[in-house]
1. What single numbered condition from (1) touching a residue at least 24 places away in the same chain (Cβ under 8 Å); (2) over 20 Å from SER146 (Cα atoms); (3) among the small types (Gly, Ala, Ser) fails to hold for SER41?
2. Only one of LYS147, LYS155 is under 15 Å from THR109 (Cα atoms), modelled with pLDDT of 95 or more and either in contact with a strand residue (DSSP E or B) (Cβ under 7 Å, 6 or more places away or on another chain) or basic (Lys, Arg) (or both). Can you tell me which?
3. Against the conditions (1) surrounded by fewer than 22 Cβ atoms within 10 Å (Cβ to Cβ); (2) touching a residue at least 12 places away in the same chain (Cβ under 8 Å); (3) closer than 20 Å to PHE211 by Cα, where does SER146 fall short? Just the number, please.
4. Would you mention how many residues in the stretch 82-112 are under 16 Å from VAL168 (Cβ atoms) and either surrounded by fewer than 18 Cβ atoms within 10 Å (Cβ to Cβ) or β-branched (Val, Ile, Thr) (or both)?
5. Within the stretch 7-19, is there a residue that is under 29 Å from PRO163 (Cα atoms), hydrophobic (A, V, I, L, M, F, W, C) and in contact (Cβ under 8 Å) with a residue 60 or more places away in the chain?
6. Let me spell it out: the conditions are (1) part of a helix (DSSP H, G or I); (2) in contact with a helix residue (DSSP H, G or I) (Cβ under 7 Å, 6 or more places away or on another chain); (3) of a type in the set (Lys, Arg), and ARG61 meets all of them except one. Which number is the exception?
7. How about the stretch 4-36: which of its residues are in a loop (DSSP other than H, G, I, E, B), surrounded by fewer than 16 Cβ atoms within 10 Å (Cβ to Cβ) and out of contact with any Ser or Thr (no Cβ under 8 Å at 6 or more places or on another chain)?
8. Tell me whether the stretch 73-85 contains one or more residues that are assigned to a loop (DSSP other than H, G, I, E, B), under 24 Å from TRP221 (Cα atoms) and polar (S, T, N, Q).
Amino acid sequence: MTSRVLITGANRGIGLALARHYHTEGWRVIGVCRSVSPELSEIAEQVIDGVDVTRAEDVARLAEAVRGQRLDLLINNAGLLHDESLGSLDFDTIREQMEVNAYGPLRVTEALLDNLSAGSKIANVTSRMGSIADNDSGGRYGYRASKAALNAFGKSLAIDLKPRGIAVAQLHPGYVQTRMVNFGGLIPPEEAAAGIAARIAALTLENSGGFWHSNGEPLPW
């Protein structure tokens, strides 16, 4: 039976690279996004657009669109980055990042629980900037906090879903050349996607709940 993956934020960047990777590997790809791209339409078996992961009604529509479909893999990739500096903090952008980067993946995961079963996997695309131990440069208050929250959510999901046979990983893609960082990263999305896919392939119930760099390096919490 052909495996099926659902990817949020699949219309560009890392999400699109992941969609291409799994399509090439013969998987059925369900691409979820706010605005569809021609590149995603070419490779996805199903595109569900107009989905804002912060909106309960949009996520409910997503769940309805995939009702009855088993998901072998759920990749929570949709994300948002703003840059705040102490002394000029914008609490609206901090709140928005929490909604997109932390609450969004948790909202999507809960909505799709019926599509996941023993052997399914969940990959949360996080960031090493969510590591408290690794923070040696400060700043980025909203992004750091939202990714730290996502890591905490992912760890709890791993514990709660282990009895169901579902493994969960928190994966840092690396510093990737995407629009989020004005294409100033160190590696292309295709390299990040390949690394993420390798970590997902190595994910088991025994190592579920871990936090890794896409290159395989375990990251500190």
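1. The number of the failed condition is (1).
2. Just one listed residue meets the conditions, LYS155.
3. Every listed condition holds for SER146 apart from (1).
4. The number of residues fulfilling the criteria is 3.
5. yes
6. (2) is the only condition that ARG61 fails.
7. Passing the criteria: GLU25, ARG34, SER35.
8. Scanning the stretch 73-85 turns up at least one residue that is assigned to a loop (DSSP other than H, G, I, E, B), under 24 Å from TRP221 (Cα atoms) and polar (S, T, N, Q).
The values are calculated or read from the model by the stated rules, or taken from the named source; none is laboratory data. Computed from a prediction, not measured in an experiment: that's the story for all the values here. Because the Cβ atoms are built from the backbone with ideal geometry, glycine has one as well, and the counts that use them run over all protein chains shown.
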